[in-house]
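Throughout, read-outs are computed from the coordinates displayed, never taken from laboratory work. It should be emphasised that the depicted structure is a prediction, and the values quoted were computed from it without experimental measurement.
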Amino acid sequence: MKTRSEPPAAQLWQGGWYRFARHLASPNFGPRPAGTSVDLIVIHSISLPPGRYGGEEVQQLFTNTLDWDAHPYFKSIEGLSVSAHFYIRRGGELWQFVSCEDRAWHAGPSTYRGRADCNDDSIGIELEGLEGETFEPPQYEALAALCAAIAQRYPVQHIAGHEHVAPGRKRDPGAGFDWAALQRSLGWRREIFPVQP
Ligand SMILES: [Zn+2]
């Protein structure tokens, strides 16, 4: 009987792009500092306008093509240049905007595990959702598979929410995100995950 095994990282990644994601290149990125060890995954939630799912607005925001006049909320973020490496839709569909070799613009002013500016050495994953609300089972499945693939390629030592790397300023993914479920499906040790209240 043949044993099932994980595909090697070389088959999963090409220049920091994950094979099983839809690729849509964002111009919003830069180089990571020389010698960076990417050891942190930052989990976010996003929807545009907040709480409305299924549209193309997040992809548009990350590629600087969002029509700021299309909704009153967009006026409040007009001109924002941001990105994340990944975006997981409610049904589990996975998008990638920035190579993991590069520095995406998702965390903003932030500090975690004693280091500031988490964009330098983290990978940002956005879940389509709203802080405080729950997330869908296909999103957890896609997220766990993605985190496992990232850990095959990068020396991941920490996973945290945006709320943990920018406390007081950010609240995503919020209380509706089930950290214990993610930990169970990944089987990673407790210390990798944020301390829960
Ligand atoms: Zn965020």
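Numbers at a glance
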read-out	value
In degrees, nearest ten, helix 137-153 long axis to first principal axis of the chain (Cα)	60
Computed lengthening from residue 60 to residue 113, 0.36 nm per intervening residue step minus Cα-Cα distance	15.9 nm
